[in-house]
Amino acid sequence: MVNSASNRALRAMDLIPYILENPGVSTTELAQNFSVSVKQIEEDLSLIFMCGLPGYTPYDLIDLVFEDGIVSVIDPQVLSRPRKFSKAEHVAIVLGLEILKSLIHDNPEYHVRISRVLNKLNESMPNVEVLMKNQENFQYFDIINRAIKMKHNLKIIYNSESKDEQKARSIIPLRIYLQNAQAYLLALDPVSSIEKVFKISNISACEIGDVSEVSSRMVEEEQIKVEIIVDEKHLIFLERNSSIIVDQKLVPEGTKVTLKVRSTDWIKRAIISNAPGIEVLSPPELATWARETASKMISLYA
């Protein structure tokens, strides 16, 4: 998520009730739970010091303490209760819980607990109704989950939106994640050893294949750290690749992003396809490649 002023304001409203519910929580834990850096959490807490009710005297401001990495709220003012979910957040949470139900259909106890939470969510927003379409796709979550646990290949028929074609693929599933109320599968191409993302709703057939011939070393090998700057016109890159983003922050040129990839082949294609919207900072050899490739491409039009 881009760290805009509105996102910081929303995070601040969530931080206070969270700290109240978890007294003595550390800035490191807050950073992990809110998916930002420790530095960003400290900046947010410093900002909260200056927030409060009109009048803005010391008695009207939010009072909190964070020393040696431990945070405590003394006076939350009017932020003692969590803010309500937006409609988009409500839909995303309901979708996630419905998917979770489909993954643990063989566990009645968890099924009942999830149904109870769903009922509570729907009661909190009676005017928002979430209708689940294409529920037949939910059967694939169980198949994908079993393939991940068994470390087997997955055979799928995938409908590519960008190429407008249907194609049979053999992939190594790594994990399922949600982004903008859509379920995605992060998988490894066994031929190129490149990570790829598949929208689960675009899978029209799915079955478990043989034991993966790719060694566990390849799946778990050390990843390459890549730092880039993405300009504001190419922020869709952040949404599509959120699963491999480990850090991001706003800079004058755009959004500075840190990624971890297993191969630079994919990121090279992303850089060229988004040029000049992505600038490479590191590793040095990738930055050099990007400059030289861009110069060669420009010379073709000279």
Set the Förster radius R0 to 30 Å, insert the Cβ-Cβ distance between Tyr110 and Lys268 as r into 1/(1 + (r/R0)^6), and round the FRET efficiency to 0.05.
0.10
Roughly what would the spin-label model give for Glu232 and Arg8, points 7 Å off Cα along C-beta, in nm?
1.5
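Give me Val261, Val230 ranked fewest to most by other Cβ atoms within 10 Å of their Cβ, as a rough exposure proxy. Can you show the working numbers first?
Values: Val261 17, Val230 22.
Ordered by Cβ neighbours within 10 Å, fewest first: Val261, Val230.
Determine, for Leu300, Leu47, Leu286, Leu186, the number of other Cβ atoms within 10 Å of each Cβ, and report the residues in order from fewest to most. Please report the intermediate quantities before stating the final value.
Details: Leu300 6, Leu47 13, Leu286 19, Leu186 16.
Ordered by Cβ neighbours within 10 Å, fewest first: Leu300, Leu47, Leu186, Leu286.
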Can you tell me how much longer the chain between Met297 and Asp210 gets when fully stretched, taken as 0.36 nm per residue apart minus their C-alpha distance, in nm with one decimal?
27.1 nm
Taking a straight Cα-to-Cα line shorter than 21 Å from Lys199, and setting aside same-chain lysines fewer than 8 residues away, one finds Lys101, Lys133, Lys149, Lys151, Lys155, Lys163, Lys167, Lys260
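Read the figures in this text as sums done on the coordinates, not as results from a lab. Just so it is clear, the model here is predicted, and its values are computed rather than measured. Positions of Cβ are generated from backbone atoms using ideal geometry, with glycine treated the same way; all protein chains shown enter the neighbour counts.
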